[in-house]
1. Would you tally the net charge around Val501, using a Cβ to Cβ cut-off of less than 10 Å, leaving Val501 out, and scoring K and R as +1, D and E as -1?
2. Under a 5 Å amide H to amide H cut-off, with H placed in plane at 1.01 Å, what residues pair with Gly289 once short-range neighbours are removed?
3. Given the options Phe103, Pro65, Pro495, identify the residue whose Cα lies farthest towards the positive end of the charge dipole of the chain (+1 on Cβ of Lys, Arg; -1 on Cβ of Asp, Glu).
4. When the Cα atoms of the chain are enclosed in a convex hull and the volume is divided per residue, what value in Å³ results?
5. Considering only Leu315, Pro396, Phe302, whose Cα is most displaced toward the positive end of the charge dipole of the chain, charges sitting on Cβ of Lys, Arg (+1) and Asp, Glu (-1)?
6. Can you run phi through the Karplus equation (6.51, -1.76, 1.60; θ = phi - 60°) for region 167-176 and list ³J(HN,Hα) in whole Hz, with x for Gly and Pro?
7. Which value does Rg/Rh take for region 438-562 over its C-alpha atoms, Rh per Kirkwood?
8. Run the numbers on the chain and let me know its relative contact order in percent, using alpha-carbon pairs under 8 Å that are six or more apart.
Amino acid sequence: MGVSARIGSDGAQHARHELAAFALGVAAVLALAGALGLRDLALPGLYYDEAVQAVPAAEFVRGSPRPADLPGGRSVRVAGRWLPVRTLPYMGALKSQLLIPVFAAFGASAVSLRAATFGFGLAGLAFAMLFARRLLGARIALVAGLLLAVDPAFLFVSRHDWGSFALGFACRGAGLWLALAGFERGSAARLAGAGLLLGLGVSNKLDAAVPLAAAACAALFVAPGAARARLARPRELAALLLGLLLGAAAILPGALPALRFAGHAAGGGAGLAGELPEKLAMWRTLLDGTHFLRLLQAGGRFEALASAEGGAATLFAPALLASSLALALRLGRRRPWRRAERAEAFLLAALVLSAAALLALPGAARIHHAMNVFPLPHLVVACALVDAWERAGRGPARTALRSFAALALALLVASALRADQATLAEIRERGGRGRWSDALETFARELEAAPPGPVLSFDWGFHAPLLLLAPGLDLREPIWALRTAPPGTELPGTPGSVYLVQDPRYRVFPFGDELLAAVSRLPEGAASVRRHLDRSGDVAFLSIRIDRPHRIVRGDRIEVVLE
């Protein structure tokens, strides 16, 4: 009895030490990510999609008498304020709702928005490591966490977050961790909580359902016996599904129309063949760590980022390819699989299925769609590195293989840190370009100091950031109505009206170019066009003022009629 008690005590003490070491490792990884991702939060200027989910939260805190004026959004009246319930047809308002207490405490600004958003990303990183520890062990979890913490896509998309990646990542990581614990312990409560979190991720944005479906299919393929055993316990499965439906309830009623809308809006109806080149370029730049830097250099033009310079690539893409091949070859030689090998096979299958499904999903041509596969790529690389370390033989071969694994990890981290520093340098030196420049914030402060008449956005990229930065101005965005306006539609204007248009390199809609052409046909001195420059002296956008009462008439082309 004494020996057994002592062995049990030693085992418990070892488990406590292991848990303490893992917690310390997680804290170090989070600290590293924070040290990199929380620099220069005010730069670059706010991007339109970055501000979309922040505006309804800010309007709620300010007690605006009207809901946020953004296309596709929906709010309900609660306690005299407009509570956001949907941001876009395919995107719920969970992030907007969570930003309300942040803005109430710290004010609505680019810094508070980005700090909160990055906090969601850090929560996702922590939960992903907890999930990996339960599935694969502490070593793989810590290595994968380190790779994620320095990944340029994770760092910069988490804090600038156009597609609500960070919050979705947190919901997915927490849900998978709870689901695994619930299945292992037969806990319906944990599984209900897991379903709720995963459902909230789907409600946050519909495309989060893709990796969940892929993971379910991978589990059925890799471990059909275990899957049948789960199906034989309907109480647990019902708890998971009930939580999932409850969490996703806000977005499910309009899911199919929303997917059609998203596919047409993002893909332009081009179909898979038409979208494939852009999708492949997006995946390539995501995995080589240059995507965010390229997007900065391209002035926020997703369609042009593949041709941007991009800087030095990380080593992650070749590491992922080599790791996937190594794991696949080893798993193919070993049957039957042990638990750890089934987990590795699940990772590979889930990654392949998720990537294939996202490639086929209409409109999923942006980095925040592809990042729904996170943390699977990093877990695959971590599995290969830790496997090489742990399976090394003896003698010189052991030393060589472990040295290779350690060197490979060091090179991966070093190449990612180099990419991170290059991206931060671009942010600091230029403050953004084109559609993504801090020149708009500078102009907003100027307008607030001497408020003009209405400020009308004649192209995409201005309205949402201005609603957050300068809510006291009379801000209007006529571009959505102009898209479907019949010929002869008129917009009245005064000498105080300010029209914002993109530089032709950055235009999204044609209305800005048409307005510039119409202004050029006016008598000399009737209008002024001002160029707004970024920090390097390049044109970011233009503003137009017309010094007499006038009408802007929509016909075959826009005309300006002076009164």
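1. Details: positive: Arg507; negative: Asp459, Asp503, Asp513, Glu514.
For residues surrounding Val501, the net value is -3.
2. Thr314
3. Result: Phe103, furthest along the dipole toward the positive end.
4. 176 Å³
5. Value: Pro396.
6. Computed from phi, the couplings for region 167-176 are 5, x, 5, 5, 5, 5, x, 5, x, 5 Hz.
7. Values: Rg = 13.8 Å, Rh = 14.7 Å.
Dividing the radius of gyration by the Kirkwood radius yields 0.94.
8. On the way: 966 pairs, mean separation 83.8, N = 563.
Worked out over the chain, it gives 15 percent.
Since every read-out is calculated from the coordinates, none of them should be taken as a lab result. Source: prediction; values computed, not measured. Using ideal geometry, Cβ is built from the backbone for each residue, glycine included, and neighbour counts are taken over all protein chains shown.
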